[in-house]
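Remarks on the structure that follows.
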Amino acid sequence: MFLSQLLLPDGSRAVALRDGEAAHLVPGADSTRALALAAIAAGRSLAEEAARRGPGAAVDLEAALAEGRVLPPVDHPDPAHLHLTGTGLTHLGSAATRDAMHGAPDAGDLTDSMKMFRMGLEGGKPHPGAVGVQPEWFYKGNGHGVAPPGAALASPGFALDAGEEPEIAGLYLIGPDGTPFRLGFALGNEFSDHVTERGNYLWLAHSKLRPASFGPEMRLGDLPQHVEGTSRILRDGAVLWERPFLSGEANMSHSIANLEHHHFKYPLFRQPGDVHVHFFGTATLSFADGLRCRPGDVFEIESPALGLPLRNPLAPDRPGDAPIRVEVL
């Protein structure tokens, strides 16, 4: 089952539930967040809460996507209360690209990236009830940096690169008592600046402060152990680059539970009512194959296990930013 959010032709918001090929509106729901809060209050799962409201009017999600009416599958009325975060070096094979970007200074030395990856291999999947090794973690921004499915991803004028990262994201809502609730999983494009990151590993934080997109649908329930997908770049309507990607815990060095623990262990991230979008990492990048994207290119990420494909064009270049002047009061 999949949930999505969209604008109706009259401009009002709605939530759609898809089970199989057919999608219908969820009566009485204008946001996934409100629907999830109702489910928490009633002690039901999100799928149960949506299903018990009965099927509303049929909806054509593909048409809504084509018309630019599909929203991210979860959002927050105050974008500052939606947190974009993520983790890297979590997938088998993900260290190779990163290691090449930050080569060891001396033959035989391990980069910090490879050390972190090996830590995950050795301790990233602890036994139930135990705490594993903490992963790499980064802050990406808040709801102001979310591009809806189909919308353009804009790179700032000072950026050195604009590249896709095809990932799965966990979508969460913090309950009234501070308990994190996982709503589901979605395809994500954790759009990043890989040239800046390559310049100095300590610039990783800068390279991640870019917009992101996720959706168009959210898969309810558990994530399959093995997930297959395809990431591609389209230029002038033709496929310029295409690679398969793997995800799910069978292809990861960390368990999802361990990644969740090391994010939500901080009280800052357990504030009631907040929404979290946490990217789980990837091992597939067009940047690793030497491709440099240009304005008008379209990023397309698809995996049948996660619903409809996620597509976002790269926005036109923006002029270099002038120095920011800080006024003194």
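The values are calculated or read from the model by the stated rules, or taken from the named source; none is laboratory data. Predicted, not measured: the structure shown is a model, and the values here were computed from it. Quick reminder, even Gly has a Cβ in these numbers, built from the backbone with ideal geometry, and neighbours come from all protein chains shown. For the accessible areas, the whole protein counts, side chains as well, though only heavy atoms, and no ligand, DNA or RNA atoms are used. Shrake-Rupley method; radii C 1.70, N 1.55, O 1.52, S 1.80 Å.
Odds and ends about this structure:
- Unique residue being more than 25 Å from E62 (Cβ to Cβ) and open to solvent by 20 Å² or more (accessible area, probe 1.4 Å) when the list is T230, T179: T179
Residue by residue, here is whether (1) assigned to a strand (DSSP E or B); (2) at pLDDT 95 or above; (3) under 26 Å from L223 (Cα atoms) holds:
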{"site": "E167", "(1), (2), (3)": "yes, yes, yes"}
{"site": "Y172", "(1), (2), (3)": "yes, yes, yes"}
{"site": "G178", "(1), (2), (3)": "no, yes, yes"}
{"site": "G188", "(1), (2), (3)": "yes, yes, yes"}
{"site": "V195", "(1), (2), (3)": "no, yes, no"}
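- If the condition is being farther than 24 Å from V15 by Cβ and either in contact (Cβ under 8 Å) with a residue 24 or more places away in the chain or of a type outside the set (A, V, I, L, M) (or both), then segment 55-97 contributes T85, G86, T87, G88, L89, T90, H91, L92, G93, S94, A96, T97.
- Taken over segment 242-258, the criterion of being more than 25 Å from L82 (Cβ to Cβ) and in a helix (DSSP H, G or I) is satisfied by E249, A250, N251.
- Search result, residues across segment 205-219 that are outside any strand (DSSP E or B) and surrounded by 19 or more Cβ atoms within 10 Å (Cβ to Cβ): S207, K208, R210, P211, G215, P216, E217
- Criterion violated by M252 - all others in (1) of a type in the set (A, V, I, L, M); (2) open to solvent by 10 Å² or more (accessible area, probe 1.4 Å); (3) over 25 Å from E48 (Cα atoms) satisfied: (2)
- Positions within segment 146-162 being open to solvent by less than 20 Å² (accessible area, probe 1.4 Å) and within 20 Å of Y172 (Cβ to Cβ), in sequence order: A147, P149
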